[in-house]
Amino acid sequence: MTAWLALVLLAGTPPDGGFRAIADQARNVHTLRARMLQEKQLAVLGEVIRSSGTFLFERPRRLRMDLGGEDGTVLIIDGDRMVTHYKGLGKTERLRLSSDERASRIVDHLFLILEGDPIALGEVYDLEVRGREPLQIRLTPKSGSLAKAIRHVDAELDRRGFVAAITVSETNGDRTTWRFVDAVVNARLPASSFVLAAP
Amino acid sequence: MTGRLLESICRLVMRRPGPASALGLLVVLLCGGLATRVRIADDARSLIVGADVEVARQLQALSEMTAADQLLIQVDGRNAPEQVEAAAAAVVEVLSASDAFVAATFEVDAGKRAALGELLFSRRLLLDPRDPEETMAPVALARSLAELRAKLLAPHAIGRRGLLMRDPIDSLGTVLGLLSAAPGLPGLDATSGRLLSRDGTSILVLATPSGDPFRGADAAASMAAVEAAAVRVHEVAPDAVLRPIGAHRFAHDAERMVRHDVHTSAGLTLVLILGVFVAFFRRPRLVLVALPPLAFGAAVAGGVAGVLGEPVHGIVLAFSAACLGLSIDYTIHLLAAASAPGATIADELPVAARRVGGSLTLAATSTLVGLGALLFAHVPALRQMALLAGGAVVGALAGNLLWVPILLPRLGSRLKPVRVERGPWSTSVAAAQAHPWLVVTGAAALGICLAIPAMHTTFDGDLRNIDTHTAAAQADERAFESTFGDAGQAGLVVVEAGDLDTALARAEAVEAALQSAGLAQILSPTVVAPSAATIAARKQRWCAHKDDTLGALYTAAATAGFARGAFAAFAEDLDATCTGSMADPRETLAAFGELTGRSVVGDSAAGTWVAVPFAGELSRLPLAREVLRPIAGATLVHRRELTTHLTELIAADVPRLAGIAGAAVALLLLLAYRRPGRALRALAPVLLSGVATLGILAASDVALNLMNLCVLPLLAGLGIDYGVVVTDAETDPDPYALQHRAFSVSVAAATTLAGFGSLAVAQYGAIATIGRAVLLAITTSAVFALWLPPALAALTRRSRPRPL
């Protein structure tokens, strides 16, 4: 999370007391537990699909997104392992990310955004600060295959040093927004958090 | 006449020991020089590959088209599942760095899978085997679209919309799912991209060695690399266990066992036969007379091996070493005969040569004839045995005629008579003469009793039953099979045709035939490259009612909440499918082969071949053979097929070789004796011994296999010696001839048993099976030789009308 501050610095905007506070907090965020709101706007569905659930995150590379509803899914990523459970279908897919280049790229960018390596982000995205309270930043892919799929990523940072909202706008017009509310930082997460329990 | 010839040779050598010695040494040097050219065959396949065309074809197909030559390494993490991946990575790292391996992996190559997926995507509708009428039915469509919607709404679906919408019924997934079969390994789960066991405790490392598994040096190099990997695994994952199985492991183990057996056999044979020799003759100094002819015989055998110009297998060497026990027979018969009390050696030895010369010559000739029958065997190793053992016999006879007359006189001018004490041999012949009817009746009864099980002799062409695996290898095999399955159950059908499309059409027919036979895990390349006829049929199904198909899709899509025009890309792809043509399948087949690691298509003399791998219960193979018969150009390749064919070869060879040997020996005896009765008396022991050997083997549930099938021709050649020597006592002027000959037969049999006894306790099954069968044959023929000829001779004398 500290990287966000570095990005701001790279962008040439001098940090103020607010950024400093966020940077201090970001260094100490190791886990995050929050209520998650997902909003998907897909051209093929013609309507905005909203779902909610829970979000768990643990450094360096673990997350769990558990969305409810008929179209709900559980997505668990633990290092190289990815598990997707489609609740309505009762179907589970297990994957090693290193064996699927496409899925691996998507997940890499997801963590890139969530964790924020300033050097890596700077190589991939152009940065634009769009708001200060709360801090809102737009990341635009510089080039390559990423730019063909993603138009830009908008992120909103919480003062406590984590990403409070992300909106991914794709070049085909689709948009996905995740909002993390009621967040608890550095809560102890059970080991079973990143294991899919048998139905 | 031959007796007088041998007497003349004996006298000549005794008069001219110097030139004779020089000649002998020259022959030894010459043969020894030739023997240095002998190459040991470390290719175990050479035992059978020259058997016939079909065997060679099966072996080549198994090697090139299946994983038969790969090394399968189970990384067993049962004790520590968290260590198994690190252990597997360590194995791959070490093997990949080794020159002994071309590749090693425990993952499905993501790049190759992606490349194949890209090739298949544009053709997915024509590759999808499902009927569009079923997949586009309302219920099926509703299910497919629900799944599609769920995938689109998943958090990580960013960037996937395009591909998902173009394949709403997941045709590509269906096709890729058909490619997930791993013939022979039902316990393998590769869906995660790793080669995991279904219970999650083990990883399978597929290692492709760079060398030939049946070339000893290559197998040794491969296994050395595996041992290095095991050391590395112990460092990073101390609780993980490596279990390598495959041709390289087994061939390497076998080579070590054979080498051990060859060395043991040679040393043990020499010690045992000399021990028996001294025990019977009770004169240790006579060993000095017995050794040079042995060495002479071994030298000649070595010279023959050198002249052969082809590698000699270790099993042949072990057998040849055991034949040292035969070579000493001539020395025994000569010394036993040269035992008249009070005579000098100078006088007695030539006389003995004359007395037993005929028998020795006839015995040696019959042995060569019997061994000669092995030249007609399908198995190359048996043909080599015939030549080397023949060389040893000829060399031993010549060596006796050369060295015994030179050396024996140097032990003293007078030879104490060999004390032919009363022993089992003299008791046997005396009893046979006293009660001939009892003996003959008993022999007949025994023959009948043993003939019954002999008629149920079984043949076993399964190489696994003679190719001994070490206890450790067997344990690893069992663990592997319980985890992943039996890789040996995999086979394939090779389909040949003049062109690729015909081959693919036949492959489709093969797939249907295999399914009808109940065989499973069929990984047909027609999944990715159907025949033109199949493509045309599927195209017809998709395109004949295209508008209705799309209408059904749009209706279902609206119900599922999809917007108008959401499936425009799919409609375009369907149009392209209906108007375009299918690309040449060769590129797809090549990518498929890259992914599976095995070629599935290639060029042959007939045009093109396509391979269809499968697995399934072995009990269904005969049915598979039947259902494949109508399909032109289809050949079933399976270890069981190889076994079946080898069994058929054995079943054909046994009566053929036995018949050739028996007929040739019988003819030889008739020519030598010119009296059918006498020839029959000499033959009787070996005839009964043949029945007894087969009967006892069958009753003990021991089948005739590729190695021990040599026992019948060997019996005809070796066992006949005893009958000849005892029978010839009828014309021997020595009043104690029968006792002397019975004694020498007993000693000769004992030394032969000592020679082959070392084979019987060999570690390697193929060697041990020869030893045990020959032990049985020699024992029975020697025992019957002490009883039958004297009894039959006594009956003949009694039946002759007494002169008035």
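The values are calculated or read from the model by the stated rules, or taken from the named source; none is laboratory data. None of the values given here were measured: they were computed from a predicted structure. Reconstructed Cβ throughout: ideal geometry from the backbone, glycine too, with neighbour counts over all protein chains shown. Heads up: the accessible areas ignore ligands, DNA and RNA and are worked out on the full protein's heavy atoms, side chains in. Shrake-Rupley method; radii C 1.70, N 1.55, O 1.52, S 1.80 Å.
Residue-wise test of (1) crowded, with 16+ Cβ neighbours inside 10 Å; (2) in contact (Cβ under 8 Å) with a residue 60 or more places away in the chain; (3) part of a loop (DSSP other than H, G, I, E, B).
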{"position": "A:Leu45", "(1), (2), (3)": "yes, no, yes"}
{"position": "A:Arg50", "(1), (2), (3)": "no, no, no"}
{"position": "A:Thr54", "(1), (2), (3)": "yes, no, no"}
{"position": "A:Thr92", "(1), (2), (3)": "no, yes, no"}
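Could we say that B:Val528 is among the β-branched types (Val, Ile, Thr), within 30 Å of B:Thr643 (Cα to Cα) and open to solvent by less than 20 Å² (accessible area, probe 1.4 Å) here? Considered against the rule, which asks whether it is among the β-branched types (Val, Ile, Thr), within 30 Å of B:Thr643 (Cα to Cα) and open to solvent by less than 20 Å² (accessible area, probe 1.4 Å), B:Val528 comes out as no.
Which residue is nearest to the chain's Cα centre (by Cα), if the candidates are limited to the stretch B:278-308 and must be among the aromatic types (Phe, Trp, Tyr) and open to solvent by less than 50 Å² (accessible area, probe 1.4 Å)? Out of the qualifying residues, it is B:Phe296. In the stretch B:622-637, which residues are touching a strand residue (DSSP E or B) at 6+ places or on another chain (Cβ under 9 Å), in a helix (DSSP H, G or I) and in contact (Cβ under 8 Å) with a residue 24 or more places away in the chain? Passing the criteria: B:Ala624, B:Leu628.
Of all residues in the stretch A:182-199, those satisfying the criterion of being open to solvent by 40 Å² or more (accessible area, probe 1.4 Å) and either within 20 Å of A:Asn28 (Cβ to Cβ) or more than 14 Å from chain B (Cβ to nearest Cβ) (or both) are A:Asp182, A:Val184, A:Val185, A:Asn186, A:Arg188, A:Pro190, A:Ser192, A:Ala197, A:Pro199.
Quick check on B:Ala207: is it under 30 Å from A:Phe55 (Cα atoms) and open to solvent by less than 40 Å² (accessible area, probe 1.4 Å)?
Against the criterion (under 30 Å from A:Phe55 (Cα atoms) and open to solvent by less than 40 Å² (accessible area, probe 1.4 Å)), B:Ala207 does not qualify.
One line per residue, one yes/no per condition, for (1) at pLDDT below 90; (2) in contact with a Leu (Cβ under 9 Å, 6 or more places away or on another chain); (3) assigned to a helix (DSSP H, G or I); (4) not β-branched (Val, Ile, Thr):
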{"site": "B:Leu371", "(1), (2), (3), (4)": "yes, yes, yes, yes"}
{"site": "B:Ala386", "(1), (2), (3), (4)": "yes, yes, yes, yes"}
{"site": "B:Gly391", "(1), (2), (3), (4)": "yes, no, yes, yes"}
{"site": "B:Pro405", "(1), (2), (3), (4)": "yes, yes, yes, yes"}
{"site": "B:Trp425", "(1), (2), (3), (4)": "yes, yes, yes, yes"}
{"site": "B:Trp437", "(1), (2), (3), (4)": "no, yes, yes, yes"}
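For beta carbons closer than 6 Å, sequence separation of 6+ or different chains, a first residue in the stretch B:198-214 that is among the basic types (Lys, Arg) and at pLDDT 85 or above and a second that is open to solvent by less than 30 Å² (accessible area, probe 1.4 Å) and not in a strand (DSSP E or B), the qualifying pairs are B:Arg198/B:Gly187. Screening the stretch B:549-606 for residues that are assigned to a loop (DSSP other than H, G, I, E, B) and within 14 Å of chain A (Cβ to nearest Cβ) and picking the one that is nearest to B:Phe101 (Cα to Cα) gives B:Phe567.
For (1) in contact with a Lys or Arg (Cβ under 6 Å, 6 or more places away or on another chain); (2) hydroxyl-bearing (Ser, Thr, Tyr); (3) closer than 30 Å to B:Asp52 by Cα, each residue gets a yes or a no:
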position	(1), (2), (3)
B:Ile345	no, no, no
B:Ser359	no, yes, no
B:Thr365	no, yes, yes
B:Val369	no, no, yes
B:Ala373	no, no, yes
B:Pro380	no, no, yes
B:Met385	no, no, yes
B:Leu388	no, no, yes
B:Gly395	no, no, no
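Under the condition of being within 22 Å of B:Glu147 (Cα to Cα) and acidic (Asp, Glu), which residue from the stretch A:87-102 is farthest from the other protein chains (Cβ to nearest Cβ)? Result: A:Glu93. Counting only helices (runs of 4 or more DSSP H) that sit wholly inside the stretch B:638-730, those with at least 1 residues that are touching a Phe, Trp or Tyr at 6+ places or on another chain (Cβ under 9 Å) and at pLDDT 85 or above are B:639-673, B:676-699, B:720-727. Checked against (1) outside any strand (DSSP E or B); (2) surrounded by 18 or more Cβ atoms within 10 Å (Cβ to Cβ), B:Gly200 meets all criteria but (2). Scanning for something more than 9 Å from chain B (Cβ to nearest Cβ), open to solvent by less than 60 Å² (accessible area, probe 1.4 Å) and more than 16 Å from A:Leu196 (Cβ to Cβ), does the stretch A:103-112 turn up at least one residue? Looking through the stretch A:103-112, at least one residue is more than 9 Å from chain B (Cβ to nearest Cβ), open to solvent by less than 60 Å² (accessible area, probe 1.4 Å) and more than 16 Å from A:Leu196 (Cβ to Cβ).
Exactly one residue out of B:Val175, B:Val139 is more than 28 Å from A:His152 (Cα to Cα), part of a helix (DSSP H, G or I), more than 14 Å from chain A (Cβ to nearest Cβ) and touching a helix residue (DSSP H, G or I) at 6+ places or on another chain (Cβ under 9 Å), and it is B:Val175.
Look at (1) within 14 Å of chain A (Cβ to nearest Cβ); (2) surrounded by fewer than 20 Cβ atoms within 10 Å (Cβ to Cβ); (3) without any contact (Cβ under 8 Å) to a residue 12 or more places away in the chain; (4) not in a loop (DSSP other than H, G, I, E, B) and you find that B:Arg256 fails only one, number (1). Taking into account only those residues within the stretch B:446-474 that are modelled with pLDDT of 85 or more and open to solvent by less than 50 Å² (accessible area, probe 1.4 Å), which is farthest from B:Arg249 (Cα to Cα)? Within the stretch B:446-474, the match that is farthest from B:Arg249 (Cα to Cα) is B:Gly447. Considering the stretch A:122-170, the qualifying strands (runs of 3 or more DSSP E), each wholly inside and each with 2 or more residues that are touching a residue at least 12 places away in the same chain (Cβ under 8 Å) and open to solvent by less than 10 Å² (accessible area, probe 1.4 Å), run over A:135-141, A:150-157, A:163-170. When the stretch B:157-172 is limited to residues that are open to solvent by less than 30 Å² (accessible area, probe 1.4 Å) and not hydrophobic (A, V, I, L, M, F, W, C), the one that is farthest from the other protein chains (Cβ to nearest Cβ) turns out to be B:Ser171. Scanning the stretch A:171-190 for residues that are within 18 Å of A:Leu32 (Cβ to Cβ) and part of a loop (DSSP other than H, G, I, E, B) yields A:Asn186, A:Ala187, A:Arg188, A:Leu189, A:Pro190.
Kindly indicate whether any position in the stretch B:309-316 is farther than 22 Å from B:Asn708 by Cα, surrounded by fewer than 23 Cβ atoms within 10 Å (Cβ to Cβ) and within 22 Å of the chain's Cα centre (by Cα). Yes, the conditions are met somewhere in the stretch B:309-316. One residue stands out in the stretch B:667-680 among those that are touching a Leu at 6+ places or on another chain (Cβ under 7 Å) and open to solvent by less than 30 Å² (accessible area, probe 1.4 Å): the one that is nearest to B:Ile448 (Cα to Cα), namely B:Ala679. Among helices (runs of 4 or more DSSP H) entirely within the stretch B:55-134, having at least 2 residues that are open to solvent by 10 Å² or more (accessible area, probe 1.4 Å) and out of contact with any helix residue (DSSP H, G or I) (no Cβ under 9 Å at 6 or more places or on another chain) singles out B:84-97. Filtered by the rule that a residue be at the interface with another protein chain (Cβ under 10 Å from one of its Cβ atoms) and either touching a Cys at 6+ places or on another chain (Cβ under 8 Å) or buried (at least 18 other Cβ atoms within 10 Å of the Cβ) (or both), the stretch A:67-82 gives A:Leu67, A:Asp71, A:Gly72, A:Thr73, A:Val74, A:Leu75, A:Ile77, A:Met82.
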